[in-house]
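These notes are about the structure you will find just below.
The values are calculated or read from the model by the stated rules, or taken from the named source; none is laboratory data. None of these values were measured; they are calculated from a predicted model. Here the Cβ is made from the backbone with ideal geometry for all residues, glycine too, and neighbour counts use every protein chain on show.
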Amino acid sequence: MTGVLFCCVTPELALQFSAMEKDVDITKAVRQHVEMEQFFTGFAAKGKAKEPEQQQQDGNGAAAEAAGELEKIADEVRQCRKCDLGSLRTNAVPGEGNANARIVFVGEGPGADEDAQGRPFVGRAGQLLDKVIAAMGLKRSDVFICNILKCRPPENRDPRPDEIISCLPYLQRQIELINPEIIVALGAHAARTLLNTNKSIGQLRGQFQQYYAGLGRPPVKLMPTYHTAYLLRNYSKENRQRVWEDMKKVLAELGLPIPKQAGK
Ligand code: URA
């Protein structure tokens, strides 16, 4: 019965579901749904966490294949009409970056600039994210950047549960393909959705958490931190320092050098 229910979650059913269980673990329900689908279609059987040596052996071929698969997801997203946001957007914003990225940054959803350009994090919050990435000694092209929602909610309102339910499978597939070592969840919506919790970002940030990527796959380390839009609204040295401390933990976990001058 559960399998049947979760294998056919239509937007209508999702709405019904969210109406029935308002404060519920929406992401848990979505995860169950996706896991059921993966189980019955064998999607999960493809993936096995990549060992570093295997990554080298796979080389460019695997990266190119992943990039191709990511582009297929992006095409699906651009045609998606699973929720109302599909008819309100100018452009869908599937996400972009390195298909072989060690870090995936996940935000909340596109704003006006992103909607206009079809690219994630290109407005003011995006420019600040670029600075954070540069401070880490990385380039935007080293990482993958995307959002929980692929279309802009009107007036930048918070994502609705039915929208998250419709959209989350795209992100889950992107993460499965990229198989990053670390996910950085930017802000409360990304962190709560991916961790299936109602805790505040203040409680969550700064400590590695675990994102469960699906049946038969090891969990991915997830670092929640403040959203760069929050940093812009609350631009204090303390908040900047908190985000930098979180990013230093990410760099340390990846065995990457920690640039000295950053975070000042
Ligand atoms: N805020 C987000 O959460 N995502 C974007 O892409 C831009 C701003």
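Filtering the range 115-129 down to residues that are surrounded by fewer than 22 Cβ atoms within 10 Å (Cβ to Cβ) and of a type in the set (A, V, I, L, M, F, W, C), which residue is farthest from Asp162 (Cα to Cα)?
Looking at residues that are surrounded by fewer than 22 Cβ atoms within 10 Å (Cβ to Cβ) and of a type in the set (A, V, I, L, M, F, W, C), I get Leu128.
Taking the options Asp75, Asp84, name whichever one is over 30 Å from Lys221 (Cβ atoms) and not hydroxyl-bearing (Ser, Thr, Tyr). Lay out the reasoning, then the answer.
Values: Asp75 fails: over 30 Å from Lys221 (Cβ atoms).
Result of the check over Asp75, Asp84: Asp84.
Identify the single condition in (1) of a type outside the set (Asp, Glu); (2) over 11 Å from the mean Cα position of the chain (by Cα); (3) within 14 Å of the ligand (Cβ to nearest atom) that Leu171 does not satisfy, given that it satisfies every other one.
(2)
If the Cβ limit is 6 Å and pairs must be 6+ apart or interchain, which residue in the range 110-128 that is closer than 20 Å to Asp75 by Cβ pairs with which residue that is of a type in the set (Gly, Ala, Ser) and buried (at least 21 other Cβ atoms within 10 Å of the Cβ)?
What qualifies is Pro120/Gly95.
Has the range 130-150 got at least one residue that is surrounded by fewer than 21 Cβ atoms within 10 Å (Cβ to Cβ) and within 13 Å of the ligand (Cβ to nearest atom)?
The answer is yes; a qualifying residue exists.
If you check Gly109 against the conditions, is it assigned to a loop (DSSP other than H, G, I, E, B) and either among the basic types (Lys, Arg) or more than 11 Å from the ligand (Cβ to nearest atom) (or both)? It would help to see each step written out before you state the result.
Values: assigned to a loop (DSSP other than H, G, I, E, B): yes; either among the basic types (Lys, Arg) or more than 11 Å from the ligand (Cβ to nearest atom) (or both): no.
Against the criterion (assigned to a loop (DSSP other than H, G, I, E, B) and either among the basic types (Lys, Arg) or more than 11 Å from the ligand (Cβ to nearest atom) (or both)), Gly109 does not qualify.
Looking at (1) in a loop (DSSP other than H, G, I, E, B); (2) farther than 17 Å from Pro154 by Cα, which one does Ala125 not meet, given that it meets all the others?
(1)
Does Asp142 fit the bill of being acidic (Asp, Glu), modelled with pLDDT of 95 or more and in contact with a Pro (Cβ under 7 Å, 6 or more places away or on another chain)?
Numbers: acidic (Asp, Glu): yes; modelled with pLDDT of 95 or more: yes; in contact with a Pro (Cβ under 7 Å, 6 or more places away or on another chain): no.
Answer is no for this residue.
Residue-by-condition table, conditions (1) within 23 Å of Gly255 (Cβ to Cβ); (2) away from the ligand (no atom under 16 Å from the Cβ); (3) in contact with an Asp or Glu (Cβ under 8 Å, 6 or more places away or on another chain); (4) in a loop (DSSP other than H, G, I, E, B):
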residue: Pro180; (1), (2), (3), (4): yes, yes, no, yes
residue: Leu194; (1), (2), (3), (4): no, no, no, no
residue: Gln210; (1), (2), (3), (4): yes, yes, no, no
residue: Leu215; (1), (2), (3), (4): no, yes, yes, yes
residue: Lys221; (1), (2), (3), (4): yes, yes, yes, no
residue: Tyr230; (1), (2), (3), (4): no, no, no, no
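Checking Thr90 against (1) of a type in the set (S, T, N, Q); (2) surrounded by fewer than 19 Cβ atoms within 10 Å (Cβ to Cβ); (3) in contact with a Phe, Trp or Tyr (Cβ under 9 Å, 6 or more places away or on another chain): exactly one of these is not met. Which one?
Among (1) of a type in the set (S, T, N, Q); (2) surrounded by fewer than 19 Cβ atoms within 10 Å (Cβ to Cβ); (3) in contact with a Phe, Trp or Tyr (Cβ under 9 Å, 6 or more places away or on another chain), the lone unmet condition for Thr90 is (3).
Pick out the one residue from Glu155, Glu76 that is of a type outside the set (Gly, Ala, Ser), within 14 Å of the ligand (Cβ to nearest atom), more than 21 Å from Pro224 (Cβ to Cβ) and not in a loop (DSSP other than H, G, I, E, B). Even if it seems obvious, please write down each step before you answer.
Details: Glu76 fails: within 14 Å of the ligand (Cβ to nearest atom).
Result of the check over Glu155, Glu76: Glu155.
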